[in-house]
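Heads up: the structure comes next, in structure tokens.
Please treat every number below as a calculation from the coordinates, not as lab data. Bear in mind that the values here come from a model prediction, so they are computed numbers and not experimental data. FYI the Cβ positions are ideal-geometry reconstructions off the backbone, even for glycines, and counts take in every protein chain you see.
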């Protein structure tokens, strides 16, 4: 079972995320390696928002391959390089997550494993079944 909480003794979330998610009972976990903005054909667009959209789609594809859905996501860590438009970034993320607000961390880093990578996303999912 997953319990999403924003404790009253902590400031409210500054974006669409939840401060904590407690997991208890019999659960199935999926831990994903960092997902890049490369599509299924190995194409990596130069635009960081396009990379973010593809990386989010890769998260969804991983979830579906494990018979899970976006609502099973409990933690997402975004690693981004360069100046990425905040409004477009939020739009790309909310297009996938909709009203689901997992725990999130967003980091801007100097570089990823290859200079052409502008986005990498780690994700954890948990299913109650």
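General remarks:
- Calculated FRET efficiency for the pair residue 4/residue 83, C-beta based, R₀ 41 Å, to 0.05: 0.85
- Placing R0 at 41 angstrom, the Cβ-Cβ distance between residue 23 and residue 46 gives a FRET efficiency of 0.60 after rounding to 0.05.
- By the compact-protein rule of thumb, 2.2 N^0.38 Å, the alpha-carbon radius of gyration of the chain corresponds to a ratio of 1.06.
- Paramagnetic reach from residue 112 (point 7 Å along Cα→Cβ, amide N under 11 Å) across region 32-48: 34-39, 44-48
- On Cα atoms only, tilt of 48-65 relative to the major axis of the chain in degrees: 50
- Note on the chain: helix-only mean residue ellipticity at 222 nm, from DSSP H runs of 4+ residues weighted -39500 (n - 2.57) and normalised by residue number, equals -7500 deg cm²/dmol.
- Taking a ≥ b ≥ c as the square roots of the eigenvalues of the alpha-carbon gyration tensor, region 82-129 is classed oblate because a/c is 1.5 or more while a/b is no larger than b/c.
- Angle in degrees between helix 86-97 and the longest Cα principal axis of the chain, rounded to the nearest 10: 50
- Relative exposure of 108, 17, judged by other C-beta atoms within 10 Å (fewest first): 108, 17
- Sequence ranges 21-33, 78-90, 48-60, ranked by mean other-Cβ count within 10 angstrom, highest first: 48-60, 78-90, 21-33
- Tensor-based shape of region 1-46 (alpha-carbon gyration tensor, a/c under 1.5 rounded, otherwise prolate or oblate): oblate
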